[in-house]
Each structure stands twice: as C-alpha cells, then as structure tokens.
Amino acid sequence: MTLRVRYAETDAQGVVHHARYLVWFEEGRSDFLRQNGARYTDFEKAGYYVVVARAELDYKAPAFYEDEVTIETTLERQRGKVLEFSYRALNQDGLLLATARTVHVVIDRTRKPVSLPAELLDKLV
C-alpha cells in the first residue's frame, strides 16, 4: 500500500515522528488482509481477535512531509495461535526508511488464546 506523509505526521523539523511507523504498519497489515480476502472485521465477527504481543522496528532513514511511502507487508509465519508479520517502508525513490516485525496472538471473546479456524487461515497463506 502507498500513502503520502501528512503535515500532522511530522515534527518541527519536518521529519516523520517515529510513532507513525507503527500506525502505517498496522494499515499495511489491514491492507494485506483485505487483499487476501480476510478483513479484521471478519475475524471479529467470527469471535477472533488478533492482538499485538511484540513489535520491533529499525529506522534506516527519515521520511519527510509529502513523501510517498510504500508499505510492504508479509505474513512470515503462522504457528498455532501466533501470526508474525514483517514490514518494509520505502520512499518514492526506493530508499528503505524502516523495517519492522510484529508478533500477534489470536484470542477469542473470552480473551483466551486460540488458533484461527482453517477457513480464515487459508485466506492468509
């Protein structure tokens, strides 16, 4: 997915604030799911919630106001109750801005860890 950096996402120096990347990676993850026919709302309607258990980010270069940023999202691993995604953020020139990894635990309505059913998992792989 591609987005354009908004003024509100930058600091006084015109550099994107570091916390925005987590929001962008969440948007990338949601877009990845939609492209694979599985939206978060589908999970929730079925009683499954995907919660972040870990997030790791490495910043490589700054992004600036009005840059066009592409977020690449990959499902790296699905193991039982755990989903692991990786991300890359690149600017319009192909410069790598940041990489990240998030680990998610699937829980049910009672907040107990559970595995996603096959019909939802099949859409992700």
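The values are calculated or read from the model by the stated rules, or taken from the named source; none is laboratory data. Quick caveat: nothing in here was measured; it's all calculated off a predicted structure. FYI the Cβ positions are ideal-geometry reconstructions off the backbone, even for glycines, and counts take in every protein chain you see. The protein model used for the area step is the full one, side chains on, heavy atoms only, and it has no ligands, DNA or RNA in it. Shrake-Rupley method; radii C 1.70, N 1.55, O 1.52, S 1.80 Å.
Computed values, structure above
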{"read-out": "Members of segment 43-71 that are among the hydrophobic types (A, V, I, L, M, F, W, C) and farther than 30 Å from residue 7 by Cβ", "value": "43, 46, 50, 51, 53"}
{"read-out": "Extreme residue, most open to solvent (accessible area, probe 1.4 Å), among residues of segment 24-56 that are without any contact (Cβ under 8 Å) to a residue 60 or more places away in the chain and within 17 Å of residue 99 (Cβ to Cβ)", "value": "54"}
{"read-out": "Candidates 27, 56, 44, 66, filtered to the one that is in a strand (DSSP E or B) and acidic (Asp, Glu)", "value": "56"}
{"read-out": "Candidate set: segment 69-125, residues that are part of a loop (DSSP other than H, G, I, E, B) and over 22 Å from residue 45 (Cα atoms); chosen: the one most open to solvent (accessible area, probe 1.4 Å)", "value": "93"}
{"read-out": "Selection from segment 1-23 of residues that are open to solvent by less than 70 Å² (accessible area, probe 1.4 Å), in contact with a strand residue (DSSP E or B) (Cβ under 7 Å, 6 or more places away or on another chain) and either in a loop (DSSP other than H, G, I, E, B) or within 22 Å of residue 125 (Cα to Cα) (or both)", "value": "1, 5, 14"}
